[in-house]
1. If the Cβ limit is 8 Å and pairs must be 6+ apart or interchain, which residue in segment 16-44 that is on the phi > 0 side of the Ramachandran plot pairs with which residue that is surrounded by 17 or more Cβ atoms within 10 Å (Cβ to Cβ)?
2. Kindly state which strands (runs of 3 or more DSSP E) lie completely within segment 23-92 and contain at least 3 residues that are over 23 Å from residue 177 (Cα atoms).
3. Out of all the residues in segment 158-176, which are under 12 Å from the mean Cα position of the chain (by Cα) and in a loop (DSSP other than H, G, I, E, B)?
4. Return the pairs, sorted by first residue and then second, in which the second residue is assigned to a loop (DSSP other than H, G, I, E, B) and among the hydroxyl-bearing types (Ser, Thr, Tyr), the first residue lies in segment 70-97 and is closer than 19 Å to residue 24 by Cα, the beta carbons are less than 9 Å apart, and the residues are 6+ apart or on different chains.
5. Quick one: would you say residue 12 is part of a strand (DSSP E or B), in contact (Cβ under 8 Å) with a residue 60 or more places away in the chain and of a type in the set (D, E, K, R)?
6. What number goes with the only condition from (1) of a type outside the set (A, V, I, L, M, F, W, C); (2) at pLDDT below 90; (3) closer than 14 Å to residue 155 by Cβ that residue 57 does not pass?
7. Does residue 136 satisfy the condition of being closer than 30 Å to residue 14 by Cα, touching a strand residue (DSSP E or B) at 6+ places or on another chain (Cβ under 7 Å), outside any helix (DSSP H, G or I) and modelled with pLDDT under 95?
Amino acid sequence: MMTSEVKHIQVRQRVHIPLRGIPEHVEFVSFKGLPSGDEPIALVFGAIRSDQPTLVRLHSECLTGDVFHSLKCDCGAQLRDAMNTLSASGGVLLYLRQEGRGIGLYAKLDAYKLQAQGLDTFAANRQLGFGEDLRTYGDSAGMLRALGITEVELITNNPDKAQQLQAHGICVARVHATTSHVNVHNRAYLSAKKQQHFHTLNLDGLGPEPQTITPFQTLEETTCL
């Protein structure tokens, strides 16, 4: 059920920005009416078509991975993959200000300290007094609606994203699995996501060297009414 707050989200500003490695200028879109009060943005690649589902990636901010290329997660690699795919195929990337599964940057660094002592990523969040994953995607649904999008094909390995979008009135017609970027530093992290929160990650046949493992085929397909 879509909340009234989600309904009130509207486009605030649109601006085209040239990006390194992306042939076409990308439209950056800001929003008003966001109940969270933060500043997520949409990156629109190409034209949004009303006669077919829009390819969409919901990407939670990860300063360490996205900007500084940390090997403790696969966030930066996932962002680059999504942008390359969307540049080639068209679609929308929502860049969400939900650092560290919603606990914030400083708390995420505290969690990394606990992980170095043997806790997994979810246990570290609990030890700090947080839930395992505080991220929500109601705002994302409102942003998509403000862009005129009600039906999507979602690029994700996280089933919670599809479930939350559908709960807020966005039809997820298809879910495309992501590539797994595995190395010795993030293997335990990715395994915890797969085993505890059922992320669809292909972690078979791992060795000690960094690997890029091709994604599974489409995870699911539904009919949007």
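The values are calculated or read from the model by the stated rules, or taken from the named source; none is laboratory data. Since the model is a prediction, treat every value here as computed from it, not as a measurement. All Cβ positions, glycine included, derive from the backbone under ideal geometry; neighbour counts span all protein chains shown.
1. 33/9; 33/142
2. 26-32
3. Scanning segment 158-176 gives a single hit, 158.
4. If the second residue must be assigned to a loop (DSSP other than H, G, I, E, B) and among the hydroxyl-bearing types (Ser, Thr, Tyr), the pairs left are 81/178; 81/179; 82/178; 94/137.
5. no
6. So residue 57 meets the others, but not (2).
7. Criteria not met by residue 136.
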